[in-house]
Amino acid sequence: MNATLAAVALSLVSAAAYAAAAVAQARLAGRTAPGGTLRLLGRGAWWSAVGLNAGGALLHVAALKYGPLTLVQPLGALTLVAAVPLGARAAGRRVGRTEWRGTLLTLLGLGALLLTAGGAAPHETLTLTEALAVGAGTMALVAGLSRPGARPGLRHAAASGITSGVASALTQTLTVAVTDHTGPLLDARVVVVAVLVSAFAMGGLLLSQTAYRGGLGAPLAVVTLANPVAAAAIGLALLGERFQGGPAGLVPALIGAAAAVRGVVLLSRAQAQTVPAGAGVGAGVGAGAEAPPPAPSRVVVSRPRPTRPERRCRVGAGRG
């Protein structure tokens, strides 16, 4: 098996692991009462989801060893594709028409990207100066996106996707530097890059949690799309990655990217519609079911002082 097939295969299994973990976490979130997060530590299903996430991360790191960022990172959108049938099965429903359209467009777009992405195994890495510059630029960009203002969910989602994509790019440098055996195992560059990877990975997770407070659909699409864009930008600008066919290969790559973007947006909207806020999968509310009407509120209207019989009625009602 050559490097390209190894990277694709590892990316596919990684996406499946992430999707299974996401569905498991969604079901647990729906069955957990507010404030009961610590109770998850005692549930085997939660630890299974943690294990799936860890396995997906390790497989992603291995894929970055064999494939360039322009190939591996876009395949991360397959996590959303794989989560569609898994989530539908867990919810006891059928996959909707919008989800099928989104899946087809995403797969076609990723197929076009696979044909144009450079297939050579990565051999170039970021220097210490380049890694520090990438880290500083990312922190400045995230700080700008995190400032108070309009559309905080989308801005935090963009910041989350960028930090996660940068973390993947730095992870590739870390993986290649550690496994090529051409220098000391713990030199200054390896240590700095490892610290940056940890910081950006954790930052991306926290930013995504903040982004999803106002809804899932649009922020999820922004996170899914900003991640490969940030990683591919680093690969093309600093790591010598190229599209196959030279400048002519950019045209099908852009067409594929546009199709994948549209597919991811459709999938994100469908996921947001089928998982209402505050209704878990195990809560007994099916997809498309309407929420019960709110209880009528009591309205107090000022009026003249009540007469004696009315006072008695009020006192008797208060005793009950």
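Kindly provide the GluC sites (Glu not before Pro) of the range 85-138 that DSSP labels as loop, not H, G, I, E or B, and whose Cβ sees at most 16 other Cβ atoms within 10 Å. Those satisfying the criteria are GLU124. Out of every Cα-Cα pair that the range 60-154 contains, those further apart than 23 angstrom amount to 54 percent. A Cβ-based charge dipole, computed about the Cα centre of the range 65-170 with Lys and Arg at +1 and Asp and Glu at -1, lands at about 640 debye. Electrostatic bookkeeping for GLY87 treats Lys and Arg as +1 and Asp and Glu as -1; over the other residues with beta carbon under 10 Å from its beta carbon, the sum is +2.
Take the solvent-accessible surface of the protein heavy atoms, probe 1.4 Å, and return the percent of it on the range 83-227 that carbon and sulfur atoms account for.
Working: 4990 of 7380 Å².
Ligands and nucleic acids excluded, carbon and sulfur give 68 percent.
Entry note: the range 212-263 has Rg to Rh equal to 1.09, where both radii use alpha-carbon atoms and Rh is the Kirkwood radius.
For every other residue with a beta carbon closer than 15 angstrom to the beta carbon of THR125, add +1 if it is Lys or Arg and -1 if Asp or Glu, then tell me the sum. For residues surrounding THR125, the net value is -3.
When the Kirkwood radius is taken over all Cα pairs of the range 51-209, what Stokes-Einstein diffusion coefficient follows at 20 °C and 1.002 mPa s, in µm²/s? All intermediate terms of the calculation are to be shown ahead of the outcome.
Numbers: Rh = 17.6 Å.
Answer from the Stokes-Einstein relation: 122 µm²/s.
The shape of the range 142-271 comes out oblate: with a ≥ b ≥ c from the C-alpha gyration tensor, a/c is at least 1.5 while a/b does not beat b/c. By the scheme Lys and Arg +1, Asp and Glu -1, what is the net charge of all other residues having a beta-carbon under 13 Å from that of THR173? Neighbour charge sum, excluding THR173 itself: -3. Distance between the 7 Å Cα→Cβ label points at LEU141 and LEU236: 1.2 nm.
The values are calculated or read from the model by the stated rules, or taken from the named source; none is laboratory data. What you see is a predicted model; the values in this text were computed from it and never measured. Ideal geometry is used to build each Cβ from the backbone, glycine not excepted, and the neighbour counts take in all protein chains shown. Protein only, heavy atoms only, side chains kept; ligands, DNA and RNA dropped before computing areas. Shrake-Rupley method; radii C 1.70, N 1.55, O 1.52, S 1.80 Å.
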